[in-house]
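Written below as structure tokens is the structure these notes are about.
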Amino acid sequence: MVESVNYQSHFVDAIGRLKAENRYRVFANLERDARTFPTALWRQDGDPTEAREVTIWCSNDYLGMGGHQDVRRAACEAIDKHGIGAGGTRNISGTHSQIVGLEEELADLHGKDAALVFTSGWISNLAALSTIAQTLPDCLILSDALNHNSMIEGVRRSGCEKKLWRHNDIADLERSLIEAGPERAKLIVFESLYSMDGDIAPVREIAALARKYNALTYVDEVHAVGMYGARGGGICERDGMMQHIDIIEGTLAKGYGGLGGYIAANEAIIDVVRSYAPSFIFTTSLPPSVIAGARAAVRHLKQSSVERQRHQRMAALTKHALAAAGLPIMHNSSHIVPLMVGDADLCKKASDMLLERHSIYIQPINYPTVDIGTERLRITPTPRHTEAHVTDLVESLVDVWRTLGLPFTEPKVVPFLARSTAAAIDPQCAYPEMKRAAE
């Protein structure tokens, strides 16, 4: 007699394997408050009756724009006027004027003819990469070895041949371009800023190779838009390279504090993705309130550099303080502060101890997000953190490191902006609600 399938056992076993490998993910029950961010209320074990205030040190709302008064006001006004939903896909329900306006803002931000907004940055990479590559005959995709999962899935969905080039290795990329030959369609795919190590791509050199060997370029700027460049256009704007990159992909969920992803390119490329990508065509549009908030954030950061300046100062100050305490940070030139642990179990224990003992939330980063043996705590300072927050963070991490027996490094001096520069940046100018909350 043939035994019937025990479906439940397969699901239970799958979760058991994750737990055995210390890869099981636990979501902290955190309630953000726009007025007091980066603090939040933590409800341990989801208990609604007990809540403790904790400081968040790992948010991707890098500039705190999710709580900015102009952004909140725009979103609330849109809800009052248009309701909470979009009503369907843009094909079925039409294109709202809010989203048309946002796409115009994004095209202008990146100096491109047009832009297209998606429900998330993950979907924008999946849709754009797969559609663009499929449109090109016999396209070879040359992908940086450390590209994000969304880019990997987009490349896979395309069905095109791919070749990985060593991370940020220009010589290796050039070898692949030479091997492909001038007659073949080629798409170079990379990120401007890699979020786990915090290193920055050699955009200028990549663009030069693309021109030399007749390849298209596609850059993911999700961890840089809003935060770099005179108007927040990202690393490509900062380095004067926007006009040399064919397709720029970004997000509205990090530097702009909202939700959604987008691509900006010439009109033909945008129209192809709009017309052929199933994950765009058949997905309900973002609601007007989300779009209005994102549009307000993009507009604000085009005009204001106060948030970017204070953000860079707080990132540099945090790195300086951690390094001076002998905590093993990975040095880079961006706002990302990776604190290396190197063991999945200890990384989770360090995260739990920070939360339970010190009321600091930093999630553990384990495999497959990073390689086994490179587990870490990923710290992301914001303009709304203060020097007092940094002092508390360092003291708490030193206690955790000593308690768990984690290795320290030789204390180092990491340069940061002079106090005279920082003193000219008043966080209350950018975030008036901080002053009200403190009063």
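The values are calculated or read from the model by the stated rules, or taken from the named source; none is laboratory data. Quick caveat, the model's predicted, so the values are computed rather than measured. Backbone-built Cβ (ideal geometry, glycine too); neighbour counts: all protein chains shown. What goes into the accessible areas is simple: the full protein's heavy atoms, side chains included, and nothing from ligands, DNA or RNA. Shrake-Rupley method; radii C 1.70, N 1.55, O 1.52, S 1.80 Å.
Relative to the Cα centre, what is the charge dipole magnitude of the chain, using +1 at the beta carbon of each Lys and Arg, -1 at the beta carbon of each Asp and Glu, and rounding to the nearest 20 debye?
Once rounded to the nearest 20, the dipole reads 480 debye.
Calculate, for segment 185-224, the solvent-accessible area per residue in square angstrom, rolling a 1.4 angstrom probe over the heavy atoms of the protein chains.
Counting only protein heavy atoms, the per-residue value for segment 185-224 is 27 Å².
May I ask you to rank 199, 113 by accessible area, largest first, using a 1.4 Å probe over the protein chains only?
Highest to lowest solvent-accessible surface, that is 113, 199.
What does the convex hull of the Cα atoms come to per residue for segment 259-306, in Å³?
Numbers: hull volume 4.5 nm³, N = 48.
Looking at segment 259-306, the number lands at 94 Å³ per residue.
How many nm separate the modelled label positions at residue 387 and residue 95, each set 7 Å beyond the Cα in the direction of the Cβ?
Taking the simple label geometry, residue 387 and residue 95 are separated by 5.0 nm.
Let me know the shape class of segment 298-425, please: from the alpha-carbon gyration tensor, a ≥ b ≥ c as square roots of the eigenvalues, rounded when a/c is under 1.5, otherwise prolate if a/b is greater than b/c, or oblate.
Working: a/c = 1.95, a/b = 1.63, b/c = 1.20.
In terms of gyration-tensor shape, prolate.
Using modelled amide H (1.01 Å from N, peptide plane; none on Pro or chain starts), what sits under 5 Å from the amide H of residue 261, excluding residues fewer than 5 places away?
Distant-sequence amide H within range of residue 261: 118, 119, 120, 121, 252.
Where Rh denotes the Kirkwood radius from the mean inverse Cα pair distance, what is Rg over Rh for segment 67-172?
1.08
Please report the orientation-averaged projected area of segment 1-85, defined via the convex hull of its C-alpha atoms, in nm².
Reported value for the Cα convex hull: 11.0 nm².
Quick one: Debye curve from the alpha-carbon atoms of segment 235-384 only, equal weights, vacuum; give me log10 I(q)/I(0) at q = 0.14 Å⁻¹ to two decimals.
Values, matching the q order: -0.97.
In whole percent, how big is the carbon plus sulfur part of the accessible area of segment 131-187, probe 1.4 Å, protein atoms only?
C and S fraction of accessible area: 53 percent.
Determine the principal axes of the Cα atoms in segment 161-266, then give the extent along each, sorted from largest to smallest and rounded to whole angstroms.
42, 31, 25
Over its Cα atoms, what ratio of radius of gyration to 2.2 N^0.38 Å does segment 196-238 give?
Normalised by 2.2 N^0.38 Å, the Cα Rg of segment 196-238 equals 1.25.
Net charge around residue 314, counting only other residues with Cβ within less than 9 Å of its Cβ (Lys, Arg = +1; Asp, Glu = -1)? Could you put the intermediate results ahead of the total?
On the way: positive: 310, 313, 384; negative: 387.
Net of charged neighbours comes to +2.
Evaluate the charge dipole of segment 178-241 about its Cα centre and quote only its size in Debye, nearest 20, assuming +1 on the Cβ of each Lys and Arg and -1 on the Cβ of each Asp and Glu.
Numbers: 7 positive and 10 negative charges, 63 e Å.
I would put it at about 300 debye.
What distance in nm lies between label points placed 7 Å from Cα along the C-beta direction at residue 30 and residue 167?
Inter-label distance under the simple model: 2.4 nm.
Suppose the Debye formula is applied to equal point scatterers at every Cα of segment 219-299; what is log10 I(q)/I(0) at q = 0.14, 0.19, 0.26 Å⁻¹?
Ignoring solvent entirely, the Cα scatterers give -0.51, -0.90, -1.26.
What length, rounded to one decimal in nm, is gained on full extension from residue 367 through to residue 178, with 0.36 nm per residue of separation minus their alpha-carbon distance?
Full-extension gain reported as 64.7 nm.
Net charge within 13 Å of residue 29 by Cβ-Cβ distance, Lys/Arg positive one each and Asp/Glu negative one each, not counting residue 29 itself?
Computed value for this residue: -1.
Just subtract the alpha-carbon distance of residue 134 and residue 50 from 0.36 nm times their residue separation and send over the number in nm, one decimal. Walk me through the numbers on the way to the answer.
On the way: separation 84, 0.36 × 84 = 30.24 nm, distance 5.26 nm.
So the chain would gain 25.0 nm between residue 134 and residue 50.
Tell me, what is a quarter of the convex hull surface for the C-alpha atoms of the chain, in nm² with one decimal? Show your work: numbers first, answer last.
Numbers: hull surface 103.7 nm².
One quarter of the hull surface, i.e. the mean projection, equals 25.9 nm².
Under the classification rounded if a/c is under 1.5, otherwise prolate if a/b is larger than b/c and oblate if not, where does segment 116-220 fall, given a ≥ b ≥ c as square roots of the Cα gyration tensor eigenvalues?
Verdict is oblate for segment 116-220.
Determine one quarter of the surface area of the Cα convex hull of segment 156-198, which equals its mean projected area, and express it in nm² to one decimal. Intermediate results must be reported in sequence, preceding the final value.
On the way: hull surface 15.5 nm².
Answer in nm², one decimal: 3.9.
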